[in-house]
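Following: one structure in structure tokens, then a few remarks.
The values are calculated or read from the model by the stated rules, or taken from the named source; none is laboratory data. Here the structure is a predicted model, which means the values were calculated and not measured. FYI the Cβ positions are ideal-geometry reconstructions off the backbone, even for glycines, and counts take in every protein chain you see.
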There are 2 protein chains.
Amino acid sequence: MGNRTERLLAIKEIVSNNKISSQEELLGILVRRGLSYTQATLSRDLKFLKVNKISDPEKGYIYELPDQHQVHNNEIAESYAAQGFVSIQFAHNLGVIKTLPGYAPSIASLIDRSSPFEIIGTIAGDDTILIIPHDNVSDKDVINALVLIIPELKNKLSGK
Amino acid sequence: MGNRTERLLAIKEIVSNNKISSQEELLGILVRRGLSYTQATLSRDLKFLKVNKISDPEKGYIYELPDQHQVHNNEIAESYAAQGFVSIQFAHNLGVIKTLPGYAPSIASLIDRSSPFEIIGTIAGDDTILIIPHDNVSDKDVINALVLIIPELKNKLSGK
DNA sequence: TGCCCATTTGAATAAATATTCATTTTACTT
DNA sequence: AAGTAAAATGAATATTTATTCAAATGGGCA
């Protein structure tokens, strides 16, 4: 099981940083990284991650993470979220986001709607959000997932 | 050739109003409408229209028009455009959009970036945009394409 | 009109992706 | 630890989508 998670994380990383136009191509990259498995599993993984296939002027069609899709649909909400974000810290594999007063519910809702697999759920107070990560997912993985949801976040993080 | 255009318009209409998850399914609907042709052509048409396939909770994956995708990416620009839009009229199969002073270039650029096949190109002055439609595309088809780019437009149009 | 070139299309096929079914692995429960 | 149910996986296969290649169609233009 630890391996599946590792694979899913690798897929997200590869798809978000490269223009991948077929499962075979993606499979090749994964194998070269030492993550060796089959097209059948990859097909399932992509469906699980809700990866889309969108038109690209260069490569015809390429895979795209749903978070990116979603996010683009919400530019306003997204920048609002970035504005209210104050900090994030981790303890015992739980994340705690501090926000400006009143911002927590809307930011948490944004995360919930995107529901990356790295995050099982969130609980929001007024200026604090508790992030419950998936097992075997590192703090850094969580942050990467959050950055995909709220790109501006990248500028607000220290040196993580 | 007239038939190809008719088909492309029908595909856009069907895809934007229904959750279509395979070419076979779409083909069935087209055939029922009297537009009879083959999967090979449909595959080409979808590629030409840059139709995406995105994750859907209900049907697994469904087709989505790129205009919708694009547009959502530009919520701010889009509402700005709607705000500046004043009217549209047609003569000799050319469209003339009147805007508030200074708005024409940005609205025209928004249309150009989305470049629906119904519109070959635009020319913008300060408060006027000339729309050059594709052959065999009706005034109404042009308006439908514009509404896909700028949804708020729908409220600003009389009874077209 | 008749010729030529480009575009469009279908049938067949290739390529890509999803699913079935059997097997293995994992995680619980006792 | 053994037993059991659920989840994950691969191999084979089915399904879906893209492409090849040949034929048909549609404009220009002499």
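Here are some notes:
- Scanning segment B:1-57 for residues that are under 20 Å from B:F117 (Cβ atoms) and among the hydroxyl-bearing types (S, T, Y) turns up B:T5, B:S16, B:Y37, B:T41, B:S43.
- Top-ranked residue of segment A:16-40 - restricted to ones that are within 13 Å of DNA strand C (Cβ to nearest atom) and without any contact (Cβ under 8 Å) to a residue 12 or more places away in the chain, ranked as farthest from B:K47 (Cα to Cα): A:T38
- Qualifying residue in segment B:31-52 (condition: in a helix (DSSP H, G or I) and away from DNA strand D (no atom under 12 Å from the Cβ)): yes
- Of all residues in segment A:7-59, those satisfying the criterion of being of a type in the set (D, E) and either within 14 Å of chain B (Cβ to nearest Cβ) or surrounded by fewer than 13 Cβ atoms within 10 Å (Cβ to Cβ) (or both) are A:E24, A:D45, A:D56, A:E58.
- Failed criterion for B:I62 (all others in (1) in contact with a strand residue (DSSP E or B) (Cβ under 6 Å, 6 or more places away or on another chain); (2) modelled with pLDDT under 80 hold): (2)
- Flag for A:K98 being at pLDDT below 90 and of a type in the set (D, E, K, R): yes
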